[in-house]
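A.B. asks: Encoded as structure tokens, here's the structure I'll be asking about.
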Amino acid sequence: MKLSKIGFAVVSLLFSFAFATTAQQGSGFGVKAGMNYNTSGKYFRDAESVWKDPLGGVGYHAGVFYTMNSYDIYLRPELVYTETRFNTGLIDAEARRIDAPILAGIRLFRVINVFAGPSFHYTLDDNFLPDNSSDFNSRLRMGYQFGMGVSLGPVGVDLRYEREFNDQKFKFDRVFGQDQSFRSQQIVLAVSLRVFGP
């Protein structure tokens, strides 16, 4: 009986130490949501489009994340549902997908975050890729993200740039005998809240 009490005390002490270490480093699980703007990469033309139709290329996203800290360096995997939209000149293209970025970052002055990392995308549904999309695209794609943000306690705001590595083709371009393609790239603004953790 005495041995079990000692074992329980040791386990409790180790758990408390681990929790205190995590608390000091700011690790934890959280939720995030925000807006994303699909850009062509030609920012002056995009700015003109935004001026004419502010919500034309705006989508949204929501998801969860887990931050693992070691002093001022951290690793942050995320799982996010994203809806994107943009105008091709012929149709309003829309897509729904699951994103899984894995970001490595560093904290500066305790409140500023700078980060980058790979991002994996799985397209659930769209209205612009070829029906036999396996000929041109895989529904599972890869890209990268980088950006910076500000964190005040459990609340954070970040702005990031995202781009896929490979081009995609529109299904309606095949009808006109054209060989046009695009590479998905977005400006992403997000607000996050750490739910579990300090």
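A.B. asks: Please give the length that would be gained between Ile98 and Met142 if that part of the chain were fully extended, namely 0.36 nm times their separation in residues minus their C-alpha to C-alpha distance (nm, one decimal).
C.D. replies: Between Ile98 and Met142, full extension yields an extra 14.7 nm.
A.B. asks: Could you give each residue of region 143-152 its phi-based ³J(HN,Hα) in whole Hz, using Karplus coefficients 6.51, -1.76, 1.60 with θ = phi - 60°, and x for Gly or Pro?
C.D. replies: Once θ is set to phi - 60°, the couplings for region 143-152 become x, 8, 9, 8, x, 8, x, 10, 10, 10 Hz.
A.B. asks: Listing Asp126, Asp92 from the residue with the fewest other Cβ atoms within 10 Å to the one with the most, what is the order?
C.D. replies: Going from sparsest to densest Cβ surroundings: Asp92, Asp126.
A.B. asks: Taking the Cβ of each residue in Ile187, Ile73 as the centre, tally the other Cβ atoms inside 10 Å and list the residues starting with the fewest.
C.D. replies: By the 10 Å Cβ count, ascending: Ile73, Ile187.
A.B. asks: May I ask you to compute the full-extension gain from Ala33 to Asp72, defined as 0.36 nm times their residue separation minus their alpha-carbon distance, rounded to one decimal in nm?
C.D. replies: Length gained, Ala33 through Asp72: 11.6 nm.
Where a number appears in this text, it was derived from the coordinates with a stated rule and is not lab data. These numbers were taken from a predicted model, which means no experiment stands behind them. Cβ sites come from the backbone with ideal geometry, for glycine too, and all protein chains shown count toward neighbours.
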